[in-house]
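Heads up: the structure comes next, in structure tokens.
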């Protein structure tokens with residue numbers, strides 16, 4: 001079957017026959033576009049859903065090669081720096097992981113307090129090394145709470161090792177993200193064990 005035929009066939013499958021996965025990841029887009037899609041999604045749905053998690057904020061420093069900035073809590077509004085200032089004109093990566101660890105612990109507490117959805121800015125360099133927001137990802141999935149995040153092509157393989165086969169990939173498009181959430185929010189509550197991540201070696 002050629003690619004066009006596969007696309008047409010996929011579109012004709014009744015929606016109810018397609019398994020709904022409670023972890024969704026925006027894939028294959030620039031970081032700027034994916035983060036904008038996450039931010040817009042939260043703005044559309046936070047009035048009707050208990051959303052916790054973290055969104056990226058820019059560091060606001062001029063002439064820096066690294067974009068790592070801050071993580072803003074969706075529950076409490078706190079801002080967690082994830083960079084060290086190496087000075088103007090620096091070309092080195094200034095990502096600093098302790099802030100992400102602190103942010104992750106805050107999200108774990110928010111999950112334990114109760115929520116409908118966890119939005120995490122991305123699975124990136126720190127998470128690929130099982131650091132950063134990894135505990136927040138695991139806590140959400142183990143609690144049976146839906147997760148929405150993003151991953152760049154550079155870390156796609158690491159994400160697959162971490163989360164496959166529990167997730168569905170989505171484009172950075174409002175219609176796709178909203179359709180996923182509307183399907184997931186209507187699912188019956190899951191037993192936490194059903195969403196447990198595979199053990200990593």
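In terms of other Cβ atoms within 10 Å, 82, 111 run from fewest to most in the order 111, 82. The distance between label points at residue 154 and residue 20 comes to 3.5 nm (points 7 Å beyond Cα on the Cα→Cβ vector). Straightening the chain between residue 161 and residue 48 buys 37.4 nm, computed as 0.36 nm per residue apart minus the Cα-Cα spacing.
If you rank 149, 102, 22 by fewest surrounding Cβ atoms within 10 Å, what's the result? Provide the component values of the computation, followed by the final result.
Numbers: 149 27, 102 14, 22 23.
Listed from fewest to most nearby Cβ atoms, that is 102, 22, 149.
Both the radius of gyration and Dmax for segment 111-180 are 12.1, 34 Å, in that order, over alpha-carbon atoms. Please identify which residues in segment 104-136 have an amide N closer than 13 Å to a label point set 7 Å out from the Cα of residue 31, following the Cα→Cβ vector. Residues passing the 13 Å test: 121-127.
Just rank 25, 151, 168, fewest to most, by other beta-carbon atoms within 10 angstrom.
Values: 25 22, 151 26, 168 18.
Listed from fewest to most nearby Cβ atoms, that is 168, 25, 151.
For the pair residue 174 and residue 129, a Förster radius of 45 Å applied to the C-beta separation gives a FRET efficiency near 0.90, rounded to the nearest 0.05.
Read-outs throughout are calculated quantities, based only on the coordinates presented, and are distinct from any laboratory measurement. Owing to the predicted nature of the structure, the values given are computational and were not obtained by experimental measurement. Every residue, glycine as well, gets a Cβ built from its backbone with ideal geometry; the counts of neighbours run over all protein chains shown.
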